[in-house]
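The values are calculated or read from the model by the stated rules, or taken from the named source; none is laboratory data. Keep in mind it's a predicted model, so treat the numbers as computed, not measured. Glycine gets a Cβ as well: all are built from the backbone with ideal geometry, and neighbour counts include every protein chain shown.
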Amino acid sequence: MNTAIVGASGYGGEVLVKLLAAHPKANLVAVTSRSEVGKSVSEVMPELRGSLDDLVFSSSDPETLAVREDIECAFLAVPHGAAATFAAPLVASGKKVIDCSADFRIANPATYEEFYGQAHPDPDLLQHATYVLPEIAEPGWESKKLFACPGCYPTSILVPLFPLIQNKVIGVDHIVANSFSGTSGAGKQSKLAFSYCEVNESAKAYGIPKHRHLSEIEEQLGRAGQGEVIIQFNPHLAPMNRGIITTITAPAGDSTTEDLYAAWNEVYADRPFVHILDSDTRPESKYTVGTNRVDISAIKDSRTGNFVITSAEDNLMKGLAGQAVQIMNLWQGWDETEGLTHV
């Protein structure tokens, strides 16, 4: 299948390029970047010398991409707001679109406006989109025209929590999620706050108490069957390039650790990208970097009556590019691990 990447020079876009360049069933025919127009991919990404020397960055023009007959599937790796301007003509031309921004993650336009500070850029097209976290996606999602790829923080929280709420292992009150992300999660920025001397040897909380990803997390958890979900989400910037580690506390009530693991195993036993670790083992971000896995484990604290749940993932893989390719694989009916097991 012929693919294109819009915004291919950002951190997530670069990983998408590498994944699609090595994918046995995908042919990368177009990459766009406003900052790298005219340069070959191998010039911008020297690690790809010899494999993509003839592929050149083109300008990011929605209408030009829409009329190209050789593109069947387009990945959007551009900021929220901008993604919708590309999605509309691409979908109208019959192409499938996998959007890695926030533009189509939130089903309620009013919620989007509340958290992103602007009206939704295309509420009509939003009706033709569906949110796809593959392991918990609603049946029949493949028939939609536009797939919204989940955010990195939400993936680290939704994967462990969704089955527990769905199976009533936990309630929805007093859930707290503390997440730490590598600096690549902020994208390529020249701001002082993301310079080496500011980030190195330091960790800090930010976006509290209403980080943008909270809207996505709560909306999806509300699908799990216990009604509206409100959680405390505390994101942190960590002094590492990539990776996310999340620790969640949730009241256990009468549920046991065995009940929790039974719910996880029921949902994830046959899912290759969710690894359930023993209760006495804690996931570590360094072991998921470069993979499309989420590692999860949990233990019950008898002193507080809480479950303490931990997850780890690569924010640029399962948190973005890898998950987008996983969505493509499943949509096409291919093995979902195609092109994702050795990166």
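Observations, loosely collected:
- Across segment 109-144, the number of residues qualifying as in a loop (DSSP other than H, G, I, E, B), without any contact (Cβ under 8 Å) to a residue 12 or more places away in the chain and of a type in the set (A, V, I, L, M) comes to 2.
- Residue in segment 178-187 that is out of contact with any helix residue (DSSP H, G or I) (no Cβ under 7 Å at 6 or more places or on another chain) and without any contact (Cβ under 8 Å) to a residue 60 or more places away in the chain present: no
- L28 fulfils the conditions (1) among the hydrophobic types (A, V, I, L, M, F, W, C); (2) outside any loop (DSSP other than H, G, I, E, B); (3) closer than 22 Å to S143 by Cα except for a single criterion, (3).
- Within segment 324-340, residues that are in a helix (DSSP H, G or I) sit with their Cβ atoms under 8 Å from residues that are surrounded by fewer than 18 Cβ atoms within 10 Å (Cβ to Cβ) and basic (K, R), at 6+ positions apart or across chains, in these pairs: Q332/K25.
- With respect to being within 24 Å of I106 (Cα to Cα), assigned to a helix (DSSP H, G or I) and of a type outside the set (F, W, Y), P150 falls outside the description.
- Complete set of residues in segment 88-102 that are touching a residue at least 40 places away in the same chain (Cβ under 8 Å) and under 22 Å from K318 (Cα atoms): K96, V97, I98, D99, C100, A102
- Some residue of segment 287-310 being out of contact with any Leu (no Cβ under 8 Å at 6 or more places or on another chain), closer than 26 Å to T130 by Cα, free of Cβ contacts under 8 Å to residues at least 40 places away in the same chain and among the polar types (S, T, N, Q): no
- Test: residue in segment 132-145 that is buried (at least 21 other Cβ atoms within 10 Å of the Cβ), over 30 Å from K300 (Cβ atoms), under 20 Å from the mean Cα position of the chain (by Cα) and outside the structural domain of I296 (by TED's automatic domain parsing): yes
- Those residues of segment 233-257 which are under 15 Å from A177 (Cβ atoms) and either out of contact with any helix residue (DSSP H, G or I) (no Cβ under 9 Å at 6 or more places or on another chain) or among the β-branched types (V, I, T) (or both), in sequence order: N234, H236, I244, I245, T246, T247, I248, T249, P251
- The set of residues in segment 154-187 that are touching an Asp or Glu at 6+ places or on another chain (Cβ under 6 Å) and either at pLDDT below 80 or over 15 Å from P235 (Cβ atoms) (or both) contains only V169.
- Only one of S190, S215 that is more than 25 Å from W264 (Cβ to Cβ), modelled with pLDDT of 95 or more and assigned by TED's automatic domain parsing to the domain that holds T304: S215
- So D270, is it free of Cβ contacts under 8 Å to residues at least 24 places away in the same chain, of a type outside the set (F, W, Y) and either in the same structural domain as S179 (by TED's automatic domain parsing) or in contact with a helix residue (DSSP H, G or I) (Cβ under 7 Å, 6 or more places away or on another chain) (or both): yes
- Checked against (1) within 21 Å of A26 (Cβ to Cβ); (2) in contact with a Lys or Arg (Cβ under 9 Å, 6 or more places away or on another chain); (3) surrounded by 19 or more Cβ atoms within 10 Å (Cβ to Cβ), L340 meets all criteria but (2).
- Looking only at residues of segment 263-300 that are part of a strand (DSSP E or B) and touching a Ser or Thr at 6+ places or on another chain (Cβ under 8 Å), we find that the one that is surrounded by the most Cβ atoms within 10 Å (Cβ to Cβ) is V294.
- Among the residues of segment 114-127, none is identified as closer than 12 Å to H80 by Cβ, surrounded by fewer than 14 Cβ atoms within 10 Å (Cβ to Cβ) and charged (D, E, K, R).
- If you filter segment 31-71 down to residues that are crowded, with 18+ Cβ neighbours inside 10 Å, in a loop (DSSP other than H, G, I, E, B) and hydroxyl-bearing (S, T, Y), you find that the one that is modelled with the highest pLDDT is S33.
- Where a residue in segment 193-208 is closer than 14 Å to G182 by Cβ and its partner, wherever it lies, is surrounded by 11 or more Cβ atoms within 10 Å (Cβ to Cβ) and among the aromatic types (F, W, Y), with Cβ under 9 Å and at least six apart: A203/F180
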